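Quick note: the coordinates plus some simple rules give every number you see, no bench work behind them. Because the structure is predicted, anything quoted here is derived from the model rather than measured. With ideal geometry, Cβ positions are generated from the backbone for all residues, glycine too; neighbour counts draw on all protein chains shown.
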Amino acid sequence: MRLAPEVAAPAALVGLALGSFLNVIIHRVPIGETALTPRRSYCPHCRAPIRARDNVPLLSYVLLRGRCRDCDGAISVVYPAVEAATGALCVVAVSRFGVTLAALHAAVFGCFLLALAVTDVRTLRLPDRLTGVGVGAGLALAAAAGVLAGTPRPVAAAAVGAIVGVTVLGVVRAAGSAAMRREAMGLGDVKFLGMIGVYLADWRLVLLTVVLSAVVGSVMGLALRFAPARRVEIPYGPFLAVAAGISLVYGDALIDAYVRVILRG
Ligand SMILES: [Zn+2]
């Protein structure tokens, strides 16, 4: 990865603005609002509209010391965290892929992973509306790549990735639910891996995502056992999201290493 400041700085700014938009989606979609209505962002405590100068990503949160200017109510740390994370993922995307369609593809993918993971932590739901828009955007990007390359292969690979994702996690869910005699994971997780498959567009990376999500989930599950406050239901979406991000950036290298070490002794 190479980090040129003249590319990294604009990418970070675009990412911060995108993160601001993701916050709107994260907080509105679960309560049935859309990204565009109501027009203005408002304080969740006193419903006062947020002024434009108080709506600058990261900076406003710091200047307002995390409190609403009108009612002094605490602003969730989720807002600046999502903005910072989106800024970072846009920088990683251009450093890894350059200023290319692949970087846009990675950044859009990262945005949907982040929005869905945060929504799952907050609400224990992966809304179909969000996953569905993610699938649509992924297919559109695959179609654009196909037009540029003059071949339908990117779209076919995205479709195969989605089918593999839904099938694999559908089977895991059915087997897990039968073994545990209760729902092992939500249907939302199955659809989420379908969306992830559209972007990874490689059945090996989809399988790697499932394996890595189980590893990340087990480590987190063990850590939570020793935490004082035990949560009964742990959302699986964030583990899938982290695993998918690792698969996109390091997946090919991980699979090559696996093949070298395990299969060829
Ligand atoms: Zn307020």
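Quick rundown of the values:
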| quantity | calculated |
| --- | --- |
| Amide H contacts of Y42 (H built 1.01 Å from N, under 5 Å, at least 5 apart or other chain) | I50 |
| Semi-axis lengths, Å, the range 52-185, gyration tensor of Cα atoms, sqrt of 5 times eigenvalues | 33, 26, 11 |
| Packing rank of 58-64, 39-45, 88-94, 24-30, where each peptide gets the mean count of other beta carbons within 10 Å, highest leading | 88-94, 24-30, 58-64, 39-45 |
| Helix-only mean residue ellipticity at 222 nm for the chain, each DSSP H run of n ≥ 4 adding -39500 (n - 2.57), per residue, nearest 500 | -23500 deg cm²/dmol |
| Neighbourhood charge, 14 Å Cβ-Cβ cut-off, centred on G197 and excluding it, Lys, Arg +1 and Asp, Glu -1 | 0 |
| In order through the range 42-52: 3J(HN,Hα) via Karplus (6.51 cos²θ - 1.76 cosθ + 1.60), integer Hz, x for Gly, Pro | 9, 6, x, 8, 10, 6, 5, x, 7, 5, 4 |
| Kyte-Doolittle mean at least -0.5, axial Cα span of 30 Å or more - DSSP H helices of the chain | 5-28, 101-123, 128-149, 153-180, 203-225 |
| Cα-derived Rg to Rh of the chain, Kirkwood definition | 0.99 |
| Where Rh is the Kirkwood radius over Cα pairs, Rg/Rh for the range 175-218 | 1.02 |
| Hydrodynamic radius (Kirkwood) for the range 46-99, which is based on Cα pairs only, to one decimal in Å | 12.5 |
| Kirkwood Rh in Å, taken over all unlike Cα pairs in the range 1-99 | 14.4 |
| Normalised contact order of the range 170-256, rounded percent, pairs of Cα under 8 Å and 6 or more residues apart | 32 |
| With eigenvalues of the C-alpha gyration tensor scaled by 5 and rooted, the range 135-265, Å | 29, 19, 14 |
| Spatial separation of Cα centroids for the range 45-92 and the range 135-200, in angstrom | 33 |
| Built amide H within the under 5 Å cut-off of R67, gap 5+ | I75 |
